[in-house]
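A.B. asks: Sending over a structure as structure tokens; questions will come in a sec.
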Amino acid sequence: MALATINPIDLGSDVSFLFYDKIVNSKRGDRKRILYGEIINDNVIYSELYKKIKEKYRVYDKHVRILELLVEDSYSEVDKEALQHCYDGSTVALIELKRTIIKNQSSFYQSKCAYCGIDGIDGMDHYIPKEKFPEYAVHPHNLIPACSCCNGKKSDLFLNGSEIQRRAFFNPYFDEININILNLEIEYLESTNSFSFKLNVEDENYIVHLDTLGIIHRYEKEAINIFDNLRIEIISSFEAHFDMYDNLSTYEKSFKNQLKKSRDIKLRERGINSLDFLVYDSFYKSEYCSVAFFINMFEDSNSKLKLANKGNIKMD
């Protein structure tokens, strides 16, 4: 789902911090004392780090669309380790937070990486790296459901390194794009009786994101698999309609209408720059989107003969 928006958990005032509170309150020993505080005579004496992180969460929540303005803070090695352990150490509260984030997504993105939309979810990427911002290790809006490929490639990168600090990566929670940043070209290769795809980027502002995550190469490779499945469905549908040759114009119209419906569903559910939409859209708009073409190129000689006998469609 490159460059498409997913659903952030709906958080009101200080609600984001409640997740931190649950996680650190479940810790034990020194980590709990550092992260949370101590209970003395049934009264909670919050630690200085706890109070500091609560304020940090308020800063994050106010800057979700301009996170590049956040400034790294300094922590002792003990405090930093404890903060990072909020994510690295498995707790019931953390497991529930991850589950809540994933369940909040549409059915498709409950199982697909928020960065590429190709591979399954293997974990959470820290949009702002926890190595540099350990205070946000378990902030709900800083955890992006991701595959191991995207997570590994993004690593602890965040800013683009230019003189004017800009975020290097599209934020799936808070960035919105309603136009085609990506354009997929489809081409029929007569020599191999197959198709190839080429991805073009229409806006250079997203080059770092796309290049770092290897989206272009991965999309071009996966597009072939998606289209092959679509091609098989088309051929199977032809073969199931015995009266197709007697009602070619009607079938042609029905075929294109159904393809358009499928394309529109993918647009609505997966985004205008999602690979599934791009494949269906490029095919729908191409010269190859016709009954005659597919019968000529992929059906047997008997089917081609039936088509030729209609006389109103030119055969190869």
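A.B. asks: Using only helices, what value at 222 nm comes out for the chain when you add -39,500 (n - 2.57) per DSSP H run of length 4 or more and divide by the total residues, to the nearest 500 deg cm²/dmol?
C.D. replies: Numbers: 12 runs with 146 residues, N = 316.
Calculated mean residue ellipticity at 222 nm is -14500 deg cm²/dmol.
A.B. asks: Output ³J(HN,Hα) for region 90-104: one whole-Hz value per residue in order, computed from phi by the Karplus curve 6.51 cos²θ - 1.76 cosθ + 1.60 with θ = phi - 60°, and x for Gly and Pro.
C.D. replies: Once θ is set to phi - 60°, the couplings for region 90-104 become 6, 9, 4, 5, 5, 4, 5, 4, 4, 5, 5, 4, 5, 5, 6 Hz.
A.B. asks: Listed highest first by mean packing, meaning other Cβ atoms within 10 Å per residue, what order do 268-280, 45-57 come in?
C.D. replies: Values: 268-280: 22.8, 45-57: 16.2.
Per-residue Cβ counts within 10 Å, averaged per peptide and sorted highest first, yield 268-280, 45-57.
A.B. asks: Cα to Cα, under 18 Å, and not fewer than 8 places away if on the same chain: which lysines meet these conditions relative to K261?
C.D. replies: Hits, sequence-local ones excluded: K253, K285.
A.B. asks: While we're here: Which of the peptides 287-293, 24-30, 171-177 is most tightly packed, and how do the rest follow, judged by the mean count of other Cβ atoms within 10 Å per residue?
C.D. replies: Top to bottom by mean Cβ count within 10 Å: 171-177, 287-293, 24-30.
A.B. asks: Show the residues, 5+ positions off or on another chain, whose built amide H is closer than 5 Å to the amide H of G37.
C.D. replies: S47
A.B. asks: I've got another one for you. Which of S262, S16, S111 moves the most in a Gaussian network model of the chain with Cα springs under 10 Å?
C.D. replies: S262
A.B. asks: Explain nothing, just compute: Karplus ³J(HN,Hα) = 6.51 cos²θ - 1.76 cosθ + 1.60, θ = phi - 60°, for every residue of region 210-227 in order, whole Hz, x for Gly and Pro.
C.D. replies: 5, 5, 4, 8, x, 5, 4, 5, 5, 5, 4, 6, 6, 4, 4, 5, 5, 5
A.B. asks: Also, I was wondering about something else. Picking from N229, N200, N142, which is most flexible by a Gaussian network model of the chain using Cα springs under 10 Å?
C.D. replies: Checking each option, the largest mean-square fluctuation is seen for N229.
A.B. asks: Here is a follow-up. In terms of Cα to Cα distance under 17 Å, which lysines are near enough to K32, apart from those fewer than 8 places away along the same chain?
C.D. replies: Partners within reach: K22, K51, K52, K54, K80.
A.B. asks: Check I6: other-chain or 5+ apart residues with amide H under 5 Å from its amide H, H built from backbone geometry?
C.D. replies: Result for I6 returns Y173.
A.B. asks: Using alpha carbons only, how many degrees (0 to 90, rounded to 10) separate the axis of helix 15-25 from the longest principal axis of the chain?
C.D. replies: In the chain, helix 15-25 runs at an angle near 60 degrees to the longest axis.
No value in this document is a laboratory result; all are computed from the given coordinates. Since the model is a prediction, treat every value here as computed from it, not as a measurement. Backbone-built Cβ (ideal geometry, glycine too); neighbour counts: all protein chains shown.
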